[in-house]
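Below is one structure, written out as structure tokens, with a few remarks after it.
The values are calculated or read from the model by the stated rules, or taken from the named source; none is laboratory data. Just so it is clear, the structure is predicted and the values come from calculations on it, not from any experiment. No Cβ is skipped: glycine too gets one built from the backbone with ideal geometry, and neighbour counts run over all protein chains shown.
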């Protein structure tokens, strides 16, 4: 917020970034659902009425609700729980690191849905439209969910940095089951960017700038490596799903800022204290 109560550019862009994060996450989840149910996107339908079939129903229906922004908070709460269960039951038994146990999308989905649960649907949604036409006060569930938003924002920032750091380590050193990128190649520079910026973002320093730059990097990586690389258009088929999730998560962080538990916030509070006018002594 600028002096005089005028919204700065990130504040004005935040509702758009929130809407994009919600719609993209809902669409990607919907892809997983219809792949399980109908075998779309080069998938194989799972047996009816089994555990994965019910997961497909949940992902298809709730993914659509998330895209249009209807019942966003309860839908996001359910999906956050589903992704947590999926990671702990399907991925964690294969090893701790998400980049090795194929659990990166599940972890990122989980914390995106946690944020959407606490932040709400935003202005550009059916929920926002219905709320704008109603004079009713916020219910207990909405109020309690909103109180958790600062924590959810901090967790999204830290966990996204944690996941990105693993990709940087893999490119730079070949650790975590990867191959070391060739020196001065495009992948090498991407690894330098990911490895150097992720700890800084996790601490909440220079968050808006670094998040914007990483959002641009993830968008470039998706188009260059997954679309123009001839792997197909849909993220669930071309392996670009993590890049898309990272891109829009970082875009939201670039507009929302680092949250309370961050170096940026501590520095901002310190500057405000220094700018307070000194008390004039009594004559």
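General remarks:
- When 93, 74 are checked against the criterion of being out of contact with any strand residue (DSSP E or B) (no Cβ under 6 Å at 6 or more places or on another chain), within 29 Å of residue 239 (Cβ to Cβ) and either surrounded by fewer than 17 Cβ atoms within 10 Å (Cβ to Cβ) or in contact (Cβ under 8 Å) with a residue 40 or more places away in the chain (or both), 93 stands alone in meeting it.
- Looking across region 31-43, the residues that are over 21 Å from residue 87 (Cα atoms) and either under 25 Å from the mean Cα position of the chain (by Cα) or free of Cβ contacts under 8 Å to residues at least 24 places away in the same chain (or both) come down to 38, 39, 40, 41.
- There is at least one residue in region 20-27 that is more than 20 Å from residue 81 (Cα to Cα) and either crowded, with 17+ Cβ neighbours inside 10 Å or in contact (Cβ under 8 Å) with a residue 40 or more places away in the chain (or both).
- Residue check for residue 115: more than 15 Å from the chain's Cα centre (by Cα) and surrounded by 15 or more Cβ atoms within 10 Å (Cβ to Cβ): no
- The requirement of being out of contact with any helix residue (DSSP H, G or I) (no Cβ under 6 Å at 6 or more places or on another chain), more than 22 Å from residue 144 (Cβ to Cβ) and modelled with pLDDT of 95 or more is satisfied by residue 54.
- Where helices (runs of 4 or more DSSP H) sit wholly within region 180-283, those with at least 2 residues that are at pLDDT 90 or above and more than 23 Å from residue 154 (Cα to Cα) occupy 186-203, 207-221, 235-238.
- Residue, farthest from residue 66 (Cα to Cα), within region 121-134, restricted to residues that are touching a helix residue (DSSP H, G or I) at 6+ places or on another chain (Cβ under 6 Å) and part of a loop (DSSP other than H, G, I, E, B): 123
- Filter pass, residue 256 being free of Cβ contacts under 8 Å to residues at least 40 places away in the same chain and more than 13 Å from residue 161 (Cα to Cα): no
Residue-wise test of (1) without any contact (Cβ under 8 Å) to a residue 40 or more places away in the chain; (2) farther than 28 Å from residue 101 by Cβ; (3) surrounded by 14 or more Cβ atoms within 10 Å (Cβ to Cβ).
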residue	(1), (2), (3)
185	yes, no, no
203	no, no, yes
223	yes, no, no
235	no, no, yes
238	yes, no, yes
264	no, yes, yes
267	yes, yes, no
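- In this structure, residue 163 does not satisfy being under 19 Å from residue 74 (Cα atoms), surrounded by 15 or more Cβ atoms within 10 Å (Cβ to Cβ), modelled with pLDDT of 95 or more and in contact with a helix residue (DSSP H, G or I) (Cβ under 9 Å, 6 or more places away or on another chain).
- Filter pass, residue 153 being assigned to a helix (DSSP H, G or I) and at pLDDT 95 or above: yes
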